[in-house]
1. Return a yes/no flag: does the range 46-55 have any residue that is more than 28 Å from residue 200 (Cα to Cα) and free of Cβ contacts under 8 Å to residues at least 12 places away in the same chain.
2. Note down all Cβ pairs under 6 Å where the first residue falls in the range 1-21 and is modelled with pLDDT under 90, the second is surrounded by 14 or more Cβ atoms within 10 Å (Cβ to Cβ) and assigned to a helix (DSSP H, G or I), and they're at least six residues apart or on different chains.
3. Could you say whether any residue in the range 33-50 is surrounded by fewer than 20 Cβ atoms within 10 Å (Cβ to Cβ) and under 30 Å from residue 138 (Cα atoms)?
4. Give me the pairs: first residue in the range 183-210 and at negative phi and touching a residue at least 24 places away in the same chain (Cβ under 8 Å), second residue surrounded by fewer than 17 Cβ atoms within 10 Å (Cβ to Cβ) and not in a helix (DSSP H, G or I), beta-carbon distance under 9 Å, and six or more apart or on different chains, which are they?
5. Of everything in the range 157-171, what is at pLDDT 85 or above and loosely packed, with under 15 Cβ neighbours inside 10 Å? Give them in sequence order.
6. Is it true that some residue in the range 114-135 is over 15 Å from residue 73 (Cβ atoms) and part of a helix (DSSP H, G or I)?
7. Which one of these does residue 68 not meet: (1) in contact (Cβ under 8 Å) with a residue 60 or more places away in the chain; (2) closer than 21 Å to residue 131 by Cβ; (3) surrounded by fewer than 16 Cβ atoms within 10 Å (Cβ to Cβ)?
8. Looking at 76, 94, which is the one that is within 15 Å of residue 10 (Cα to Cα), out of contact with any helix residue (DSSP H, G or I) (no Cβ under 6 Å at 6 or more places or on another chain) and in contact (Cβ under 8 Å) with a residue 40 or more places away in the chain?
């Protein structure tokens, strides 16, 4: 039986929901696994690079991330498996997600490693990697956003998202949201797809400027 018969996306969602609900009911446990740059400085407690992505602070945050992951994770998972086979495609998808977690944490770590008050959690950075992998691969895919009753092409949404997240990241202390992680995860998703198949990037450029 192929790995695609056991969707990795659903496994990631199940694990994230399980651990998120667990820490929401046990705050002391949450603080042991959140992203905490000042505690990680000097190579200590590096496990936080991964564990923070499986924790969420509230059910709305959890629902939104898992909703996006369910829709776009399955798309990129299927595309990778169809292109490279079950084993190679599944491994590439796992790498996209977990390296996306790490890549999304780089900028926040650099910015906040000397700030003992800064902590963050959530899968948003990894989810942004997944989302932008799909956008690069399928730039003409129609996306529908809440409260907007018409479709937006994926590549247009991608440009708007990057601009918004970068701008918000410059106001980091005022938002309470890790916009720098969102931006970093999105950029990694693009670079990852270009790394595994540069032709997808060429097709994207052709589509935009044809």
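1. Yes, there is a match, as at least one residue in the range 46-55 is more than 28 Å from residue 200 (Cα to Cα) and free of Cβ contacts under 8 Å to residues at least 12 places away in the same chain.
2. 2/86; 3/86; 3/90; 4/81; 4/86
3. Within the range 33-50, one or more residues are surrounded by fewer than 20 Cβ atoms within 10 Å (Cβ to Cβ) and under 30 Å from residue 138 (Cα atoms).
4. 207/140
5. Step one: of the range 157-171, the residues at pLDDT 85 or above are 157-168.
Scanning the range 157-171 gives 159, 160, 163, 164, 167.
6. As a first pass, look at the range 114-135 and keep what is over 15 Å from residue 73 (Cβ atoms): 114-122.
Next, only the ones that are part of a helix (DSSP H, G or I) stay: none.
No, every residue in the range 114-135 fails to be over 15 Å from residue 73 (Cβ atoms) and part of a helix (DSSP H, G or I).
7. That leaves (3) as the condition not met.
8. Numbers: 76 fails: out of contact with any helix residue (DSSP H, G or I) (no Cβ under 6 Å at 6 or more places or on another chain).
Selected residue: 94, the only one of 76, 94 that is within 15 Å of residue 10 (Cα to Cα), out of contact with any helix residue (DSSP H, G or I) (no Cβ under 6 Å at 6 or more places or on another chain) and in contact (Cβ under 8 Å) with a residue 40 or more places away in the chain.
The values are calculated or read from the model by the stated rules, or taken from the named source; none is laboratory data. Source: prediction; values computed, not measured. Here the Cβ is made from the backbone with ideal geometry for all residues, glycine too, and neighbour counts use every protein chain on show.
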